[in-house]
There are 2 protein chains.
Amino acid sequence: MELPRTRVGRARSEYGAGVEVGLLLFPDVTQLDLTAPFEVFSRVPGGRVHIVAKSLEPVRSDRGLVLQPTVDFERCPRLDVVMVPGWGQQALMVDDETLDFVRTQSTHATWTTSVCTGSLVLGAAGLLRGYRATTHWAYLDALAVLGAIAVDERVVVDRDRITGGGVTAGIDAALTVVAEAVDRRTAGHIQLHMQYAPEPPFHSGHPATADAEVVASVRNQLEPLRAQRLDVARAAAARMRA
Amino acid sequence: MELPRTRVGRARSEYGAGVEVGLLLFPDVTQLDLTAPFEVFSRVPGGRVHIVAKSLEPVRSDRGLVLQPTVDFERCPRLDVVMVPGWGQQALMVDDETLDFVRTQSTHATWTTSVCTGSLVLGAAGLLRGYRATTHWAYLDALAVLGAIAVDERVVVDRDRITGGGVTAGIDAALTVVAEAVDRRTAGHIQLHMQYAPEPPFHSGHPATADAEVVASVRNQLEPLRAQRLDVARAAAARMRA
């Protein structure tokens, strides 16, 4: 059965007027997972982008950049697009307040989306069971533990879920969301404004293309985190079954 | 004459320890021009990234995201890499306090760099005369007025100047800077951590590849700004000659 790609509850103008996007902000977020999609979504004419956190206190990202929420969980309007960026505390996967917020918004949202390890939060909220989905290349096993069909692709669209790979995949994911939630013409305009015709200076962006020595070194750096995330994902999966 | 590519004034470890990077922050900055390079530079082991503004007051970017400076002009240390992001007030091109700051830092810096229309500020500071350089595709004429050899390339390295194209080119530019200022291995590590293996969903990132209708529409949207920037660039060039 071909499921409808769009469940928009109210009229949209040609230019996406009225699209409400919410980007989740939490301590130790990888700031580019949030700021790159913000740049894309904030260019949708007539749209509104909310940076949603538990409170309105400034939040420190994982490498020190401080970001300012625009609305708290309680006052956040119903979102058409909810997006969860990555990194952050492993605890986010078992934080009921966050999981409840994402789950509730997802019930109404047209698109439930993530960048990088944000999909582990969606998964822990029970929102990816049986969905094809992706995450940062290093953490696909944790995503599978949460019931997703974990695939190593840059952007995965499965029904009303759109998940992106690691960090910079947020640009590709956000443009895909705009194309789906508004239209492809608007996404094309935004891409041209942002001159998104990437030319990475090296081929190191994925383990399949990077030098073996670089891959081994980065895998080694990330191994403790990968093991820790797998453990928390197992705990989150056990909580879902309970 | 082949000029030296590196003028590092003190010892660097294998991993770039001690590299001091400063990203200029000003009202109406395009936040991704700053946050994408921040994400890259903040991953250089042992490096320090400063967000430098006239004062420590929070700064509103052009689409509303609020950013927090980490140091003001006066207390900013000598930088190894100074980077100017784009957009912002046209007035920045004729703002002596900003131009003096950039000019002074550039005297000591190993690399003087920019993203998007940040190169117009470098140009207005007299730092690109006779240099090959780039900017957002829409504003190349203003860059030429400031004495640069303006070229429509994604990242341009000419001696100790590295300039990037529009907005998202900041990722490519920053990785290039890391490869030059630290080493290529470090840049490769960072690229793999950030999974920077882009797959733009459309071919709209440059006028050469976007649909003609999209190009015409975006050119039309940007025309008033292009004309205004050209005027301010002419005024800045006249000030330099005076």
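So, in region A:129-162, of the ones that are within 14 Å of another protein chain (Cβ to nearest Cβ) and of a type in the set (Phe, Trp, Tyr), which residue ends up nearest to residue A:208 (Cα to Cα)?
A:137
Could you check residue B:77 against (1) outside any loop (DSSP other than H, G, I, E, B); (2) out of contact with any Gly (no Cβ under 7 Å at 6 or more places or on another chain); (3) open to solvent by 10 Å² or more (accessible area, probe 1.4 Å) and say which number it fails?
Residue B:77 satisfies all of (1) outside any loop (DSSP other than H, G, I, E, B); (2) out of contact with any Gly (no Cβ under 7 Å at 6 or more places or on another chain); (3) open to solvent by 10 Å² or more (accessible area, probe 1.4 Å) except (1).
Do we find that residue B:219 is surrounded by fewer than 24 Cβ atoms within 10 Å (Cβ to Cβ), closer than 27 Å to residue B:88 by Cα and under 19 Å from the mean Cα position of the chain (by Cα) in this structure?
Working: surrounded by fewer than 24 Cβ atoms within 10 Å (Cβ to Cβ): yes; closer than 27 Å to residue B:88 by Cα: yes; under 19 Å from the mean Cα position of the chain (by Cα): no.
When the stated conditions are applied, residue B:219 does not pass them.
Taking residue A:234 as meeting all but one of (1) at pLDDT 95 or above; (2) more than 7 Å from chain B (Cβ to nearest Cβ); (3) under 20 Å from the mean Cα position of the chain (by Cα), write down the number of the exception.
So residue A:234 meets the others, but not (3).
For region B:147-162, enumerate the residues that are open to solvent by less than 20 Å² (accessible area, probe 1.4 Å) and touching a Leu at 6+ places or on another chain (Cβ under 6 Å).
Hit for region B:147-162 is B:148, nothing else.
Could you list, in sequence order, the residues of region A:38-47 that are more than 10 Å from every other protein chain (Cβ to nearest Cβ) and either touching a strand residue (DSSP E or B) at 6+ places or on another chain (Cβ under 7 Å) or not in a loop (DSSP other than H, G, I, E, B) (or both)?
Matches in region A:38-47: A:47 only.
Condition (residue is at positive phi and more than 10 Å from every other protein chain (Cβ to nearest Cβ)) applied to region A:209-226: is it met by at least one residue?
So far as region A:209-226 goes, no, none of its residues is at positive phi and more than 10 Å from every other protein chain (Cβ to nearest Cβ).
Residues A:58, A:27: which one is open to solvent by 30 Å² or more (accessible area, probe 1.4 Å), farther than 15 Å from residue A:109 by Cβ and more than 13 Å from chain B (Cβ to nearest Cβ)?
A:27
Under the condition of being among the hydrophobic types (A, V, I, L, M, F, W, C) and open to solvent by 40 Å² or more (accessible area, probe 1.4 Å), which residue from region B:201-216 is nearest to the chain's Cα centre (by Cα)?
Among them, the one singled out is B:208.
Which of the residues belonging to region B:122-180 are within 23 Å of residue B:98 (Cα to Cα), among the hydroxyl-bearing types (Ser, Thr, Tyr) and touching a residue at least 60 places away in the same chain (Cβ under 8 Å)?
Once the filter is applied, which keeps residues that are within 23 Å of residue B:98 (Cα to Cα), among the hydroxyl-bearing types (Ser, Thr, Tyr) and touching a residue at least 60 places away in the same chain (Cβ under 8 Å), region B:122-180 yields only B:139.
Which helices (runs of 4 or more DSSP H) does region A:111-206 wholly contain that include 2 or more residues that are more than 25 Å from residue A:224 (Cα to Cα) and among the basic types (Lys, Arg)?
Passing ranges, in order: A:184-193.
Yes or no, residue by residue, for (1) buried (at least 19 other Cβ atoms within 10 Å of the Cβ); (2) more than 10 Å from chain A (Cβ to nearest Cβ); (3) within 21 Å of residue B:38 (Cα to Cα):
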position	(1), (2), (3)
B:164	yes, no, yes
B:167	yes, no, yes
B:172	yes, no, yes
B:178	yes, no, yes
B:183	no, yes, yes
B:195	yes, no, yes
B:199	no, no, no
B:229	yes, yes, no
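Report yes if some residue within region A:212-224 is among the polar types (S, T, N, Q), in contact (Cβ under 8 Å) with a residue 24 or more places away in the chain and not in a strand (DSSP E or B); otherwise report no. Don't jump to the end; show me each part of the working.
Taking region A:212-224 first, the residues among the polar types (S, T, N, Q) are A:217, A:220-221.
Imposing the further condition that a residue be in contact (Cβ under 8 Å) with a residue 24 or more places away in the chain reduces the set to none.
Scanning region A:212-224, I find no residue that is among the polar types (S, T, N, Q), in contact (Cβ under 8 Å) with a residue 24 or more places away in the chain and not in a strand (DSSP E or B), so the answer is no.
For residue A:121, only one of the following conditions fails: (1) within 13 Å of chain B (Cβ to nearest Cβ); (2) touching a Leu at 6+ places or on another chain (Cβ under 6 Å). What is its number?
(1)
Does residue A:63 count as modelled with pLDDT under 95, on the phi < 0 side of the Ramachandran plot and not in a helix (DSSP H, G or I)?
Working: modelled with pLDDT under 95: yes; on the phi < 0 side of the Ramachandran plot: yes; not in a helix (DSSP H, G or I): yes.
Taking the combined requirement at face value, the residue satisfies it.
The values are calculated or read from the model by the stated rules, or taken from the named source; none is laboratory data. Note that the coordinates shown come from a computational prediction; the quantities given were computed from them, not determined experimentally. In this analysis, Cβ positions are derived from the backbone assuming ideal geometry, glycine residues included, and neighbour counts consider all displayed protein chains. Please note that ligands, DNA and RNA were not included when accessible areas were found on the heavy atoms of the full protein model with its side chains. Shrake-Rupley method; radii C 1.70, N 1.55, O 1.52, S 1.80 Å.
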